[in-house]
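The values are calculated or read from the model by the stated rules, or taken from the named source; none is laboratory data. Values in this document were obtained by computation on a predicted structure and should not be read as measured data. Heads up, the Cβs are rebuilt from the backbone with ideal geometry, glycines too, and the neighbour counts pull from every protein chain shown.
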Amino acid sequence: MLTSIITSYAYDNVLPVQVVDDSTTKKRYKTVYARNLKLYKGIDNTIKFTVQNQEQKAYDLRTSTSLLSASIPEGGAGNGYTVGDILTISGGTATTAAQITVTSVTTVTPLGVITGFTITTPGLYTKPPYIVNNILAGGTGKGAALMLTLQAESVAAVQFNLLNDDNMSVLFSRQADIIDAAKGVVSVTLNEGDLGLVKTQYMSYSLALLNSPTSQYQALYVDDNFNARGQAQVLSGQYPEHRPSVQVTFVTSGSNTVTEVTEPYLTLLNNTYISSIIFTDANIKRSNTLHTIQILVNPNWEIFHGLFSGVVTIEASTDPMAVFNATSPTITWGTVDTLNLIDVGYSLTHNFEGVYTAIRIKVLPSYGTISGILYRS
């Protein structure tokens with residue numbers, strides 16, 4: 001017995017983008033290929049972007065930070081300190097420097113080794129200090145250092161745009177979610193409905209960085225050639241997709257030429273309205289198919305108090321040549337369902353099953369108004 005094993009892979013869809021960082025002086029790496037952003041219809045698409053500088057290093061999206069916590073590394077307790085010493089974090093660009101207060105030290109040789117401290121001033125930095133072995137300044141001793149954990153007080157926003165290549169109009173624009181500000185990781189989720197009406201095509205995307213202190217947008221580039229527009233490819237056929245309903249049109253009884261009746265379909269006694277032919281996906285081999293119609297009753301109080309009564313008949317054909325006989329009376333129709341509606345004052349839906357090549361709907365009103373019928377399979 002032969003067993004077929006198919007392997008599938010679950011991994012993040014991650015694309016790098018670059019920001020021109022004035023503090024970067026070297027450019028050791030060069031992006032030679034920017035792959036397409038692939039978007040699939042019928043499913044939610046989550047894309048991660050890593051913002052990098054021109055050295056391909058993570059770009060810190062934190063525009064201001066403060067000291068969240070700290071710990072004494074091995075060999076970093078110093079000596080000669082006294083309880084009450086106020087020590088200052090070194091480095092970074094600070095609006096207010098972070099400080100700690102010594103709460104306990106050793107009282108035996110070696111004297112003044114820090115054994116306890118509290119953060120008295122978390123500080124505020126526009127450029128973060130070094131977080132590994134940060135040498136402390138001040139106090140009565142020497143040699144103290146800390147491992148720092150910083151928290152973001154504010155972060156830069158990243159704006160994502162999806163553009164139509166035909167006229168460069170914006171399909172939608174939204175702010176990315178910050179995943180890891182320190183490492184420049186953001187994500188954008190395009191829900192299934194966002195691409196529902198978008199046809200399979202090539203599009204463009206762009207990202208911009210909004211720096212909160214300056215409130216100015218800055219371009220993010222997809223390669224080293226200052227190209228701010230990346231290529232996106234919308235693909236279909238991989239997942240089930242929402243299908244829009246078909247608006248049914250009507251002709252009068254006995255007419256073989258499709259002449260649309262002006263909506264709403266007003267009451268004409270002893271007159272049957274016949275819908276245009278709805279062709280189904282006959283090429284799809286299925287044992288059964290669910291069909292749904294929605295009858296929209298016009299709630300016009302002046303016309304029979306907004307109520308509708310009449311007979312709605314659903315007819316279908318299994319003729320494989322029906323699509324070629326669309327205007328011919330030779331199509332053989334059979335009745336699938338008959339709905340006897342009495343004083344209906346609301347819209348209603350009806351489901352039926354079967355594999356058909358063509359479907360049509362007949363409406364014989366007694367009184368009232370139908371403003372439309374929708375069909376979906």
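Descriptive notes on the structure:
- Among (1) crowded, with 16+ Cβ neighbours inside 10 Å; (2) assigned to a loop (DSSP other than H, G, I, E, B); (3) modelled with pLDDT of 80 or more, the one test that Thr332 misses: (1)
- When Ala144 is tested against (1) within 28 Å of Thr189 (Cα to Cα); (2) at pLDDT 90 or above; (3) crowded, with 16+ Cβ neighbours inside 10 Å, just one condition goes unmet, and that condition is (1).
- Those residues of the stretch 36-54 which are surrounded by 15 or more Cβ atoms within 10 Å (Cβ to Cβ) and either free of Cβ contacts under 8 Å to residues at least 40 places away in the same chain or assigned to a strand (DSSP E or B) (or both), in sequence order: Leu37, Leu39, Tyr40, Asn45, Ile47, Lys48, Phe49, Thr50, Val51, Gln52, Asn53
- Gln294 being modelled with pLDDT of 80 or more, assigned to a strand (DSSP E or B), in contact with a strand residue (DSSP E or B) (Cβ under 8 Å, 6 or more places away or on another chain) and farther than 26 Å from Asn167 by Cα: yes
- From the options Thr200, Thr149, Thr126, Thr121, residue that is touching a strand residue (DSSP E or B) at 6+ places or on another chain (Cβ under 9 Å), surrounded by fewer than 17 Cβ atoms within 10 Å (Cβ to Cβ) and farther than 30 Å from Val14 by Cβ: Thr121
- The condition (being outside any strand (DSSP E or B), assigned by TED's automatic domain parsing to the domain that holds Leu195 and within 30 Å of Leu209 (Cβ to Cβ)) is satisfied by just one residue among Asn167, Asn161: Asn167.
- Sole residue being of a type outside the set (A, V, I, L, M), modelled with pLDDT of 85 or more and more than 30 Å from Gln233 (Cα to Cα), chosen from Tyr40, Tyr59, Tyr81: Tyr81
- Scope the stretch 86-109; condition surrounded by 11 or more Cβ atoms within 10 Å (Cβ to Cβ) and in a loop (DSSP other than H, G, I, E, B); matching residues: Ile89, Ser90, Gly91, Gly92, Ala97, Ala98, Thr106
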